[in-house]
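Below is one structure, written out as C-alpha cells, with a few remarks after it.
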Amino acid sequence: MSSPEVTHLSSRDNPLLKELRRLSQDSTAYRKRGRLWLEGDHLCRASLQRGLRPVQAVFAESLLPQALGAWALGGVKFFSVPDALMGEISGLESPARMGFVLDLPPAPAVQAGVATVILDRLQDAGNVGSILRSASAFGFAQVIALKGTAALWSPKVLRAGMGAHFGLQLVEGADVAALAALALPIIATSSHLGEWLHATRLPYPCAWALGHEGQGVGEELMQRAALSVRIAQPGGEESLNVAAAAAICLHASATSALR
C-alpha cells in the first residue's frame, strides 16, 4: 500500500491549527464547529474500533515516520505539525503527538425501552466521563444529559470517557419532559433517602437518574421516579462521589438482570 500524501503545516496561524486550538480549549466549540478533536492514540483507536472514520489525521513531525506505517487510513487527509505547535493545540499537560478530527455524530432522539442513564446538571467533566465508561461497561446504551449538565463531547469528558462515547447514544440538552419517551421506570439516587440498594429488587431495563454533585437529583425529576435508592456506607462517610455511586448502582442493576 502506498503511503498517504501528507500536508505539512508550519504556521500557528494556519486555519486548521486555529480550529484545533478552539476545539481543544473550548468545551462547547464542537457544537458550533460540528467537529470533534480526539487527542492521543487511545481515543483515536477507540473511535476506529467502533467504526468511525476521521476526516483528518494530525501527527507531530517526530511521530510521522512511524505513523505512516502504523495507521492505514485510506482516503483520510494526513497532516504533520512541528512538535512545538502540537503542544499549543493540546489540552494535556503532556501533549499527545497525534489526533483525529471527526464529524460530530448527529443528535439522536430519546429512544424508548433502552437501558438509560440520566445526568441531571452534573458539572464535573471527570465525573461525567467516568459515568459514561460505567454506562458502557454495564450495558446502559443511552445517556441523556439534561440541560445544565457538562458538555458531553467536550475534550475533558472525551478523555475521561476513554472511548466509551463511541458505543453510546448520547442525548444532550434534554428537558425533563422528554424523559416520558423512555417508557421505563426511573430510579433516582440519593445520599440519604429511599430504599437500600442492596436490599431492593431492581427493575430492568430502567433509567438511573444521577444528580448534581452538591444538590442531587432535582425535584421535578425526583417526582417522575418510580423508586429512590441509597447506598449503604458502613464506613460512615456522608456521601459518595457521584461517579463512584453510578458505578455501584449500574453494576447492581446489570447483574440483577443476569440472575
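The numbers here are math on the coordinates, done by the rules we state, and not lab data. Because the structure is a prediction, the values reported are computed rather than measured. Methodologically, a virtual Cβ is constructed for each residue, glycine included, from the backbone with ideal geometry; neighbour enumeration extends over all protein chains shown.
Couple of notes before you dig in:
- Distance cut-off 23 Å, percentage of C-alpha pairs in the stretch 107-254 lying past it: 26 percent
- Computed over the stretch 123-173, the Cα gyration tensor eigenvalues convert (square root of 5λ each) into semi-axes of 15, 12, 9 Å, ordered from largest to smallest.
- Each of Val76, Val101, Val157, Val176 was scored by other Cβ atoms within 10 Å of its Cβ. Arranged with the fewest first, they read Val76, Val176, Val101, Val157.
- One equal scatterer on each Cα of the chain, no solvent, Debye formula: the resulting log10 I(q)/I(0) at q = 0.13 Å⁻¹ is -0.82.
- Given charges at beta-carbon only (K, R positive; D, E negative), |dipole| of the stretch 6-103 in Debye: 440 debye
- Ordering Asp103, Asp13, Asp175, Asp120 by the number of other Cβ atoms within 10 Å of each residue's own Cβ, fewest first, gives Asp13, Asp175, Asp103, Asp120.
- Anchor Lys32: lysines whose Cα lies under 16 Å away (excluding residues fewer than 8 positions away in-chain): Lys18
- Relative contact order (%) - the stretch 6-103, alpha-carbon pairs under 8 angstrom, separation at least six: 43 percent
- Note on the chain: helix-only mean residue ellipticity at 222 nm, from DSSP H runs of 4+ residues weighted -39500 (n - 2.57) and normalised by residue number, equals -9000 deg cm²/dmol.
- Of the peptides 17-23, 48-54, the ranking by mean beta-carbon count within 10 Å, highest at the top, reads 17-23, 48-54.
- Angle in degrees between helix 125-137 and the longest Cα principal axis of the chain, rounded to the nearest 10: 80 degrees
- Rounded to the nearest 20, the size of the Cβ-charge dipole of the chain about its Cα centre is 520 debye, with Lys and Arg at +1 and Asp and Glu at -1.
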